[in-house]
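Every number here is computed from the coordinates shown, using simple stated rules; none is lab data. Note that the coordinates shown come from a computational prediction; the quantities given were computed from them, not determined experimentally. Note that we place each Cβ from the backbone using ideal geometry, even for glycine, and neighbour counts take in every protein chain shown.
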Amino acid sequence: MKLLLDSCVSPSLIAQIVERGHEAHWVGHWPADPGDAEILGSALKEGQIIVTLDKDFGELAVAFAQPHCGIIRLVNLPLATQAAVCLAAIDQHGAELQHGAIVTAEPGRLRIRPPPASDVPDS
């Protein structure tokens, strides 16, 4: 899977994510931060799931119906566990994420907002 880590996420997660066979990039390596709407649009264009610590991308996706390739939000997790939790979210909900789900990962639980019904593949 392709992931785009928001600038608020530590780039130290990249090594563990890549080690598990995924592609990962960090917004902090971009020349400038263009803002959340542009980041979400870029991730959509590149087929990347956003990994973030804040609510802004979820708000763009839900309240403003901005299309996306999935969002993982890490909430109140120590840096040492963020990569493992992110990878667990991908392992458990990867298919849903690729179709626009939003996964909120908190200590001890993952919550998922499924993709819009029209985007879910037939079983």
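Worth a mention:
- Whichever residue in the stretch 60-85 is among the β-branched types (Val, Ile, Thr) and closer than 11 Å to Ile102 by Cβ and, among such residues, is surrounded by the fewest Cβ atoms within 10 Å (Cβ to Cβ): Val62
- Whenever a residue of the stretch 106-117 is of a type in the set (A, V, I, L, M, F, W, C), its partners that are in a strand (DSSP E or B), lying with C-beta atoms within less than 6 angstrom and at least six residues away or across chains, give the pairs Leu110/Val103; Ile112/Val103.
- Contact map, the stretch 34-56: residues that are at positive phi paired with residues that are not polar (S, T, N, Q) and not in a loop (DSSP other than H, G, I, E, B), Cβ distance under 9 Å, separation 6+ or inter-chain. Pairs shown: Gly47/Lys2.
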